[in-house]
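Visitor: Before we start, here is the structure in question, set down as structure tokens.
The values are calculated or read from the model by the stated rules, or taken from the named source; none is laboratory data. Keep in mind that this is a model prediction, so the values were computed, not measured. Cβ sites come from the backbone with ideal geometry, for glycine too, and all protein chains shown count toward neighbours.
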Amino acid sequence: MAAAPQETNVLTYLVRHFEIHGELEGVVYRTKRNGEQEKYPYEPQSYYQRTPLTIRNEWIRKFACTVTNPNNNDYTAIVKKLYYYTPYIVPAGDWKFRGETVLYIRERGEYKLVWNSSPVGEKRVLGKRTEVEFSFEQTGEYTLDCYFAGEVYCQRSFVVSDSDLDESYETWLAAHLEEILTLAEPEYESLKTYRRGLRSKRNWLCSLEGKCGEEVLYELPNLKHKDRSRQAPWLYHRRDYDHQVNEQTRIFNEKMAEVGDSWQSLSEEQKADWEAQAEAIWRKKGRTMKHPRLSGFNLYTREYLTEFL
């Protein structure tokens, strides 16, 4: 029997036994649309810049979480409604969008764009990755109707404003959230995301989870199947790092410390009262909750953070 090949390091082992997607040890591995594998040096850049478009995404996600938990089944439908019906609030100027995001283009073809229900429209050949550029010179509200094959394909709204964008989105969503939830869910196919992670090439190695050195690997259950055919599971891979550099995590840790100190300051009678309230809620709604048990401290933490969130 031949001896098993000796792996010189972790990288050699992963390259030999896994299909890699994403950055690993300074190299980006990816699969092109034609199925070819390629790799190239990783040149780190700032992956996040707060722009009018990212501000819009932030507020949509924030308001979606006030309606339901991201783990619930109805979260996706609510997010789709918010993304479709929430206008783009932008300052005056030139703005570029990708056809698949702003106009929900899924099939290349000839589309007709009509602004503010004008009798005059512009016909353009658009694909998913086509960039469409709009120039807004004056503040105001604008509507865009997109026609395909003689029928309305989608309708989008734009608000050109010189006000603070965070305040504008918060005010608009607070005023229209209930109305949006009553509207029909858009029937557009979701965009296929580019998976980053690892997938085993070997039948005997179907799963690998845990922390090794500075790497963290764990399985994504929802990605075990693709097009209803059995495949090896995807593994999410990330670099372990110090969460204290994350501003959001820093604030969370500070608030949780406050909650702990406040809880310890309660009397035994007060703690017992919180435990009794949590027990009553658990008996009534325990089957629908995502966590295995609701304690008095859990309930106290939720109430304590309500005003902050």
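Visitor: Output the residues belonging to the stretch 40-67 that are over 30 Å from Pro91 (Cβ atoms) and surrounded by 13 or more Cβ atoms within 10 Å (Cβ to Cβ).
Guide: Looking only at the stretch 40-67, we keep the residues that are over 30 Å from Pro91 (Cβ atoms), and these are 40-43.
Residue satisfying the conditions is Tyr42 alone.
Visitor: Oh, and also: Would a scan of the stretch 92-106 turn up a residue that is acidic (Asp, Glu) and either surrounded by 13 or more Cβ atoms within 10 Å (Cβ to Cβ) or in contact with a Phe, Trp or Tyr (Cβ under 8 Å, 6 or more places away or on another chain) (or both)?
Guide: Taking the stretch 92-106 first, the residues acidic (Asp, Glu) are 94, 100.
Still in the running and either surrounded by 13 or more Cβ atoms within 10 Å (Cβ to Cβ) or in contact with a Phe, Trp or Tyr (Cβ under 8 Å, 6 or more places away or on another chain) (or both): 94, 100.
The answer is yes; a qualifying residue exists.
Visitor: Is it true that some residue in the stretch 86-104 is within 21 Å of the chain's Cα centre (by Cα) and modelled with pLDDT under 80?
Guide: Within the stretch 86-104, none of the residues are within 21 Å of the chain's Cα centre (by Cα) and modelled with pLDDT under 80.
Visitor: Inspect the stretch 153-174 for any residue being within 26 Å of Thr76 (Cβ to Cβ), exposed (fewer than 12 other Cβ atoms within 10 Å of the Cβ), among the acidic types (Asp, Glu) and modelled with pLDDT under 95 and give the result as yes or no.
Guide: no
Visitor: Could you give every pair whose Cβ atoms fall below 6 Å, whose first residue belongs to the stretch 276-297 and is at pLDDT below 80, and whose second residue is surrounded by 15 or more Cβ atoms within 10 Å (Cβ to Cβ) and in a helix (DSSP H, G or I), counting only separations of at least 6 or pairs across chains?
Guide: Pairs that qualify, where the first residue is at pLDDT below 80 and the partner is surrounded by 15 or more Cβ atoms within 10 Å (Cβ to Cβ) and in a helix (DSSP H, G or I), are Leu294/Ala278; Leu294/Trp282.
Visitor: Continuing with the same structure: Please enumerate the residues belonging to the stretch 125-144 that are among the charged types (D, E, K, R), in contact with a Lys or Arg (Cβ under 8 Å, 6 or more places away or on another chain) and either under 17 Å from Ser161 (Cα atoms) or in a strand (DSSP E or B) (or both). Outline the logic, then answer.
Guide: Of the residues in the stretch 125-144, the ones among the charged types (D, E, K, R) are 128-129, 131, 133, 137, 141.
Pick out the ones that are also in contact with a Lys or Arg (Cβ under 8 Å, 6 or more places away or on another chain) and you get 128-129, 131, 133.
Within the stretch 125-144, Glu131, Glu133 meet the criteria.
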